[in-house]
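Have a look at the structure below before the remarks.
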Amino acid sequence: MPRFLRLALAALAILGLPFAAGTAAAAEREVTIGLQAAITSMDPHYHNLSPNNSMMLHVFEPLIKRDANQKLVPGLAVSWKALDDLTWEFKLRKNVKWHDGTPFTADDVVFTLSRVPNVPKSPSSFATFTKPIVSTKVVDPHTIIFKTAAPHVLLPSDLASVMIVSRLHGEKATTEDYNSGKAAIGTGPYKLVEYVPNQRVVLKANYGYWGGEEPWDKVTFKILTNAAARVAALLSGDVQMIETVPTADIAKLSADKKYSLVDKVSNRVIYVHLNQRTDTPPPFVTGKDGKPLAHNPFKDARVRKALSIAINRQAISDRIMEKRSVPAGQLLPDFFFGTSKKLKPPKYDPEGAKKLLAEAGYPNGFSLTIHGTNNRYINDDKIAQAIAQFYTRIGIDTKVETMPASVYFSRATKGEFGYMLLGWGTESGEQGSSLRSLLATYDPSKGMGVTNRARYSNPQLDALINEAMATIDDKKREGLIQKAAEIAMGDTALIPIHYEVSTWATAKGLRYTPRTDQYTLAMGLKPAK
Amino acid sequence: MLAYAIRRLGQSLFVLLLMSALVFIGVYAIGDPVELLVNPMADEAERLRAAAALGLDRPLLEQYWSFLQGAASGDLGKSFVFNVPALSLILSKLPATMELAFVAMVIAIAIGIPLGLVAGLKPDSFIGRTIMAGSILGFSLPTFWVGLVLVMIFSVHLGWLPSNGRGATVLVAGIPVSFLTADGLAHLAMPAFNLALFKLSLLVRLTRAGAREAVLQDYVKFARAKGLTQSRVIGVHVLKNILIPIVTVIGLELGSVIAFAIVTESIFAWPGTGKLLIDSINQLDRPVIVAYLLVIVTLFIVINFVVDVLYSLLDPRVRLGGASAAH
């Protein structure tokens, strides 16, 4: 399908139809927004999924919010601090009312924490975020204390992912009651009017919102999964904003004065995991003659480094991504917490790569297959093709095999591939949690290395991550995470390629504040002054 | 007739059983839904919990057995993704798809058969040649491309029709339909035409071929010799005799239009089952995939049955009980 779409878009470009005016918004205080993925539920605790989490923020609010750069800012809590390593005190916002007019109190927070782990049939639970809290104490209606069993530095960040629901409406509510709107009573700037799975979500303004009035009376989100349909809807004026503008249409839209385009580097890094599960060569990695190699070449840091510096990241960004990507040298762009300014994208150096391969005992290279998705990340299959060409230049015979995400991820997790092209979005906005998930030694029962499909293992790195994760002091922790990142990248524990840049297009007269978490929020959309 | 219906029912149940088994094995072979549903940061406990919550921790055979038990009582399971009964999810989207398919079929029949007759009766005239050339275009232009061009012309350039979605609906016998409102028709026009185009061309060619053959038959010459009017010769003697293959194709194509409206639905963001199916396959939402395919197989079975009945009405020589009588 994506290939067809590209052809279709090319065909449209050839037709070169002038775009007629169609920008008039339906009514002045109404706006319609085109989203790329379905909202699977309006139950804020049912499915931990980006599009859902983004939608929930209109109706519900967490204790702590994230701003456009994913920095933590006060939400339903006005302040929070660690009293000691195991105790956190949260001061709650006063005079906040639920959509039905009842007041918000600490009891609603207590109820929320008890509901989160108990949502029946949840395919991806928010319990991950609330589990570290072993007990809660309500000091007064606007002060609450959380106790954790072990020091848990990510508590504020975790709680930024948990929407607070009302005890009054949530006590007996099922996921179905939230979908129908009966229980979807939040404190957020919008009230839920209608939710139709896979089709649309309609919201209306909550005029009594504590944070002040929003510019829109009514907001409609339409699910337009097909990229060409999304662009067409914007061009015809059926929607006033779309997210994820297809790369092929960016140039045309940004040249057209009737639309404005905004973009921002995201928290998603595209990276490569090199299968190091065994000392024997991983699947799809052989000698050039097809005979098995004696050892797993990916266990040699020199080979890993060669594979990294052989990639011309700038060329990928310029030619394939239309400059909508930023070459990466670690797991997050360097304005995020825990990133190191010392880690620059590795320089393109094919000669150096050849030398390193020779030193490692592969003067004539070897042969590998790049496995990747073809419908998950922006231009994922093209990136795989480009990397293959760079490797051919340093003497590595490279094949490419891409497949749909539904097939790919299960197989990658089972270790069926050698060279895996993947992506990772850091929801917490803190590099420590990414290092822990992607590169700590695989130990899922402790939550370490849960997505370490390469099974990379480095005791020194593990020790630093563990220490960082037990250091409540932000300054000290940041130093530890930076050091851990420098060690991991110095060892080429994985190969970062680039950070995706997310794009939004709006009709003229509107302005969207772009976000690193790729969320599309009506709160960020304002009439331009 | 009754024995025939019962035998068909038995065959149908077997087909449904086979279908569900194939989907179960197929989805199992593709991958693990938990892998796609669970947040990548989740630890082992959360993965196990999710698998247990969705019933995916049990052996495949056991899962299939409990599916069969549920299916016997009309429960096809709940969607992994949406946590609503899969069957009701599909049935809530089915009216939109059915409406689109039927309107597309009506357009194809209402335009295709008359044009085909004209082309068949006057194959060498200018108009006959134009129709045939047009049908080649209808055949060979890919649906998604035609759809996008329609949007560019009628929504973006002219601004006459909305680019996506379904219009206002009214309830008819409890089913929401949109073709009775002006807004609904405006939304329906492009996707229906887009979907109809291929079938229309098919019917033009089929009708033309049939008509060209029929006009040379002795009974048509005889009817003409008797001095019957042109309209009676064409309407009764030609058309009725070439209708059997046409009805067969219409029946088959109606099924495929319903089942494969996916491309049109995704270009026009038509809230139908095709879009739901694609999303469900991408998410490995097995209950929805199974339920969808069972519904579609059932539709095909019903359509084929209706076609068989229509044969017997169109051609008195066809008898439905015939096969069993031969035993």
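The values are calculated or read from the model by the stated rules, or taken from the named source; none is laboratory data. These numbers were taken from a predicted model, which means no experiment stands behind them. Methodologically, a virtual Cβ is constructed for each residue, glycine included, from the backbone with ideal geometry; neighbour enumeration extends over all protein chains shown. Side chains included, ligands, DNA and RNA excluded: accessible areas come from the protein's heavy atoms. Shrake-Rupley method; radii C 1.70, N 1.55, O 1.52, S 1.80 Å.
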Self-check item: Summed buried accessible surface, chains B and A, 1.4 Å probe, nearest 100 Å²
Solution: 4700 Å²
Exercise. Using a 1.4 Å probe over the heavy atoms of the protein chains, calculate the carbon and sulfur portion of the accessible area of segment A:342-465 as a whole percent.
Key: 50 percent
Practice problem: Compare the Cα positions of B:MET41, B:ALA52, B:LEU13 along the charge dipole of segment B:12-72 (+1 at Cβ of Lys, Arg; -1 at Cβ of Asp, Glu; about the Cα centre) and return the one farthest towards the positive end. | Solution: B:LEU13
Quiz item: Using a Förster distance of 30 Å, how high is the FRET efficiency between A:ALA150 and A:LYS65, based on the Cβ-Cβ distance and rounded to 0.05?
Solution: 0.70
Quiz item: Tell me, what is the FRET efficiency for B:ASP75 and A:ASP256 to the nearest 0.05, using R0 = 35 angstrom and their Cβ-Cβ distance as r?
Solution: 0.10
Exercise. For segment A:265-501, report the accessible area per residue in Å² (1.4 Å probe, heavy atoms, rounded to an integer).
Key: 38 Å²
Exercise. With a 1.4 Å probe and every protein chain left in place, work out the accessible area per residue of segment B:12-72 in Å², rounded to a whole number.
Key: 51 Å²
Quiz item: Where a ≥ b ≥ c are the square roots of the eigenvalues of the C-alpha gyration tensor, would you call chain A rounded, which needs a/c under 1.5, or, failing that, prolate if a/b is larger than b/c, or oblate?
Solution: oblate
Quiz item: What is the magnitude of the charge dipole of segment B:56-157 about its Cα centre, with +1 placed on the Cβ of each Lys and Arg, -1 on the Cβ of each Asp and Glu, and no other charges, expressed in debye to the nearest 20?
Solution: 260 debye
Exercise. Could you tell me the number of lysine pairs in segment B:86-271 with C-alpha atoms less than 25 Å from each other, where the two lysines are 8 or more residues apart or belong to different chains?
Key: 8
Quiz item: Using the alpha-carbon atoms, what tilt in degrees (0 to 90, nearest 10) does helix A:2-15 show relative to the longest principal axis of chain A?
Solution: 80 degrees
Self-check item: Choice from B:ILE109, B:ILE25, B:ILE303 with maximal GNM fluctuation in chain B (Cα, 10 Å cutoff)
Solution: B:ILE25
Quiz item: Among the helices of chain B (complete DSSP H runs), which have Cα atoms covering no less than 20 Å along the helix axis and a Kyte-Doolittle mean of at least 0.0?
Solution: B:2-30, B:86-121, B:126-140, B:182-215, B:239-259, B:286-314
Practice problem: Set the Förster distance to 22 Å, then compute FRET efficiency between A:TYR207 and A:GLU171 from the Cβ-Cβ distance, nearest 0.05. | Solution: 0.25
Practice problem: Sort B:LYS240, A:LYS257, A:LYS341, B:LYS199 from largest to smallest accessible area, using a 1.4 Å probe on the heavy atoms of the protein chains. | Solution: A:LYS257, A:LYS341, B:LYS240, B:LYS199
Quiz prompt | Anchor A:LYS399: lysines whose Cα lies under 17 Å away (excluding residues fewer than 8 positions away in-chain) | solution = A:LYS288, A:LYS291, A:LYS382
Exercise. Would you work out the relative contact order for segment B:86-271, in percent, from Cα pairs under 8 angstrom that are 6 or more residues apart?
Key: 34 percent
Self-check item: Solvent accessible area, Å² - B:ILE153, 1.4 Å probe, full protein context
Solution: 60 Å²
Practice problem: Specify the angular offset, from 0 to 90 degrees and rounded to the nearest 10, of the alpha carbon long axis of helix A:474-490 from the longest principal axis of the alpha carbons in chain A. | Solution: 30 degrees
Exercise. Give the angle, between 0 and 90 degrees and rounded to the nearest 10, that separates the Cα long axis of helix A:50-59 from the longest principal axis of the Cα atoms of chain A.
Key: 20 degrees
Self-check item: Prolate/oblate/rounded call for chain B, Cα gyration tensor, a/c under 1.5 rounded
Solution: oblate
Practice problem: Take A:TRP210, A:TRP424 and sort them by solvent-accessible surface of the protein heavy atoms, 1.4 Å probe, largest at the top. | Solution: A:TRP210, A:TRP424
Self-check item: Unit charges at the beta carbon, dipole of the protein assembly as shown: most positive-side option, A:PRO151, A:LEU86, B:THR169
Solution: B:THR169
Quiz item: Where does chain A land at 222 nm, in deg cm²/dmol rounded to the nearest 500, when only DSSP H runs of n ≥ 4 count, each adding -39500 (n - 2.57), divided by all residues?
Solution: -8000 deg cm²/dmol
Self-check item: Net charge dipole size for chain A [Lys, Arg +1 and Asp, Glu -1 on Cβ; Debye, nearest 20]
Solution: 800 debye
Quiz item: Ignoring ligands and nucleic acids, what accessible area does B:PHE67 show with a 1.4 Å probe (Å², nearest 10)?
Solution: 20 Å²
Exercise. For segment B:86-271, with all protein chains present and a 1.4 Å probe, just round the carbon and sulfur fraction of the accessible area to a whole percent.
Key: 72 percent
Quiz item: Which of rounded, prolate, oblate describes segment A:199-285, given a ≥ b ≥ c as roots of the alpha-carbon gyration tensor eigenvalues and a/c under 1.5 marking rounded, otherwise prolate only if a/b is larger than b/c?
Solution: prolate
Practice problem: Calculate the dipole size of segment A:265-501 relative to its Cα centre from +1 charges on Lys and Arg beta carbons and -1 charges on Asp and Glu beta carbons; express the result in debye to the nearest 20. | Solution: 280 debye
